[in-house]
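Worksheet for the structure shown next.
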Amino acid sequence: MTDIFMGFFLATLIISLFTTRLFRLYSWYALNSLFLGMIAMSVSFDINDNEMLVVGVITIIIKFLIIPFVLRDITLKFNLQRSIPLSIENHFLVIVVPLILAFTFYLIEPISSMYLQSNYVTIAVSSLFLSLLLIMEHKTVSSKVLGFLFIENSLFLLAISATKGMPMIIELGIFVDLMMFIVVINLLFKPQEEQ
Amino acid sequence: MYFVFLPSLIIIILSFFKINRIIMSFVATTVIFPAIYLFFNHMHNDYFMVDNLNAFVLLVSSVVAVGVSISMISLPSRLGLDDKQIKHFYLFFGIFFLGLTLSILSNNMGLYWIGLEFATLSTVYMIKIKYSTFAHNESWKYLIVGAIAISLILFGIILIYSATKPILHEEAMDFYSLIENANAINGYLFEIGFFLVATGMFIKMGFFPMNLWIADIERSAIYQVGALFSGILESAILLGFFRLSQVEKVVNNAHLITFTYVYGLLTLFMVSFLIYRAKDYMRLFSLSGIEHMSLIVIFWVSGGYFAALLHFAAHAFIKPALFLSTAVLESHRKYNFRGTLKGIGRTPALLISMLLLAIISLPPSPMFFSEIYGFKAMIESATLSQHFILMVGVVFFIMLLLSIVFYKFITIYQESLYEEGQPSHIYRSEILMLCIFLVATLTLIFPPVLQAIEGIMS
């Protein structure tokens with residue numbers, strides 16, 4: 001089951017690289033986070049770890065339900081530009097994305113013997129590179145912010161796949177940081193007159 | 001120990017009510033008492049650790065917090081900020097100091113990262129407290145690049161945790177356990193993690209190629225932000241580097257030295273020429289901060305712990321004072337050095353001159369001694385190796401670059417002191433702040449203090 005969720009996680013991230021509308025990007029982020037939460041829950045059942053199950057549920061609540069809603073609200077409140085043109089053409093992206101995936105498989109090869117599921121680590125690291133690509137290819141600030149949130153998801157996936165989860169208190173601290181990130185974004189978007 | 005978090009929490013709570021800046025400064029000043037207590041009373045548990053090193057960093061940061069909070073008394077009159085902006089500033093200052101105290105005292109890499117992230121996010125808004133399009137754009141830039149840097153640090157921490165978990169299990173996150181068990185760590189994965197963490201930290205400190213990024217941010221923000229960056233934020237980042245490099249030193253010292261030297265020298269090379277072309281005080285001090293950070297990391301990895309810590313403390317006291325005094329020097333015009341010291345009165349001019357000359361290591365500045373000891377440590381680290389001649393060359397190269405910086409600072413000093421300028425007003429709180437930083441700097445050259453710093457890593 002985890003394999004299927006992993007596939008969907010990567011697929012949603014790749015599709016978001018080609019997205020040129022902001023709300024659609026939020027939807028892909030929400031789905032990406034949903035699959036991340038599912039992965040955490042699935043792994044928690046496999047290794048019988050209750051802490052990871054809790055983290056998976058919190059991921060779904062915060063990243064799938066709350067954050068996309070708040071971002072949508074910010075977009076409407078401050079009337080942000082909803083067309084997000086790409087600075088890299090689609091036909092180049094079609095070449096670059098598989099190259100990144102192939103490159104990551106070779107990058108992880110020397111340490112693949114350390115992990116039972118080294119493919120998961122590979123997917124996490126390639127997601128990180130793809131999220132960085134998402135930040136680079138978009139010109140608008142709002143989509144760059146989404147790029148950071150995708151990076152955060154990739155790091156979370158890496159923590160699940162490479163370490164079988166970080167200590168609970170650290171995961172909760174990261175969630176609190178993420179919420180503060182959203183608050184700060186809200187303050188930054190506020191026009192001067194409102195401040 | 002937990003009393004150390006109290007002043008920041010009180011500042012956060014008070015920021016929601018009508019602000020009395022003198023009371024706020026008084027509350028911020030109380031942070032010095034738990035810092036002094038922790039300096040003499042160490043402890044260690046799963047999440048927090050107080051040893052010689054972080055107790056020293058906390059004490060230095062507390063002194064900086066006191067100086068910055070005193071400078072805030074004249075903030076509205078100096079920069080024309082309204083009550084709401086002041087409230088926001090105190091709120092984010094409280095969060096910033098809370099996050100960094102958490103980082104400095106943490107024994108856990110994850111907790112260290114959380115504190116650093118809190119501090120990063122709180123500074124984002126502080127940058128645009130005084131609104132301008134430039135400040136607005138720079139705060140966005142800081143958010144995005146800072147977030148990428150902090151993500152790199154988290155990425156590295158996860159890899160380090162992954163490398164050490166099979167050996168240390170639940171203690172794999174502890175700095176203390178990592179240092180204790182450095183010999184047993186899986187080298188390859190740990191090193192990838194360490195280099196990612198170090199790169200993230202170097203980006204946050206404005207190392208190559210991000211030199212102008214940090215300079216532009218400090219230029220666009222109010223002067224207190226530059227002081228907080230150079231005096232407290234960089235201290236917490238350096239502490240993380242100090243701790244993890246102790247492990248990397250055991251895992252592979254050659255890789256550590258090569259990586260840090262290449263990165264540090266490249267940064268010094270770029271920064272010395274950027275300083276030569278600096279047209280305003282803020283960028284000048286900001287770039288000079290990057291130069292000193294590169295020297296500190298180079299001294300540290302060369303085994304010159306005393307030199308690195310002395311340099312670090314001296315920089316943490318002098319640089320915030322210079323950033324804050326820029327508010328006085330630039331009270332008429334930003335892009336101008338001419339006559340800026342002449343119109344502010346004899347005593348303030350003397351205080352600022354002493355700090356300006358101390359930052360370029362003119363004796364008896366503590367930086368003069370730290371550089372001498374640092375170069376000595378560099379040479380000593382290569383004495384028994386095949387790279388002795390190369391190391392001598394590196395020392396000469398660094399001295400050459402430092403002489404460019406020295407020349408520029410002296411030119412600016414002469415220009416600001418001997419050419420005609422307009423008279424400026426300096427507030428009593430600003431003079432008090434300058435005195436505090438100057439006394440703290442002078443304390444560093446007293447023999448008992450030097451001995452205490454020398455004893456931190458022994």
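Data for the structure
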item	result
For segment A:79-85, 3J(HN,Hα) per residue [Karplus equation, 6.51 cos²θ - 1.76 cosθ + 1.60, θ = phi - 60°, Hz, x = Gly/Pro]	6, 6, 5, 9, 8, 10, x
Residue list for segment A:139-164, given a label point 7 angstrom along the Cα-to-Cβ vector of residue A:82 and an amide N cut-off under 16 Å	A:142-143
Residue-wise HN-Hα coupling along segment B:45-56, computed from phi with Karplus coefficients 6.51, -1.76, 1.60 (Hz; x: Gly, Pro)	9, 4, 9, 10, 8, 10, 10, 3, 5, 6, 5, 5
For residue B:48, residues with placed amide H under 5 Å, excluding near neighbours	B:107
Förster radius 60 Å - calculated FRET efficiency between residue B:136 and residue B:346, Cβ distance, rounded to 0.05	0.95
Förster radius 35 Å - calculated FRET efficiency between residue A:61 and residue A:15 (Cβ-Cβ, nearest 0.05)	0.90
Simple label model, 7 Å out from Cα along Cβ direction - residue B:167 to residue B:395, nm	3.4 nm
Cα gyration tensor category, rounded, prolate or oblate, for segment A:2-189 with a/c compared to 1.5	oblate
Within segment B:273-287: backbone nitrogen closer than 16 Å to the residue B:333 label point (7 Å, Cα to C-beta)	B:279-282
Protection-proxy order for peptides B:143-154, B:224-235, B:262-273, each taking the mean of Cβ atoms within 10 Å per residue, highest first	B:224-235, B:143-154, B:262-273
Cβ-placed point charges (K, R +1; D, E -1), dipole of segment A:2-189 about Cα centre in debye, nearest 20	720 debye
Helical segments meeting 18 Å axial Cα length and Kyte-Doolittle 1.6 threshold in chain A (DSSP H)	A:2-17, A:90-108, A:168-189
Prolate/oblate/rounded label for chain B (Cα gyration tensor, a/c 1.5)	oblate
Prolate/oblate/rounded call for the protein assembly as shown, Cα gyration tensor, a/c under 1.5 rounded	prolate
Rounded to the nearest 20 debye, dipole of chain B from Cβ charges on Lys, Arg, Asp, Glu	1340 debye
Under Karplus coefficients 6.51, -1.76 and 1.60, residue-wise ³J(HN,Hα) of segment B:324-341 in Hz, glycine/proline x	6, 6, 4, 4, 6, 5, 9, 5, 9, 8, 7, 8, 7, 10, 4, x, 5, 8
Separation of alpha-carbon centers, segment B:38-104 and segment A:35-76, rounded to whole Å	34 Å
FRET efficiency, 1/(1 + (r/R0)^6) with R0 56 Å, evaluated for residue A:45 and residue B:410 via beta carbons	0.25
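Coordinate-derived values only; no laboratory data. Since we're looking at a predicted model, the values are computed, not measured. Quick reminder, even Gly has a Cβ in these numbers, built from the backbone with ideal geometry, and neighbours come from all protein chains shown.
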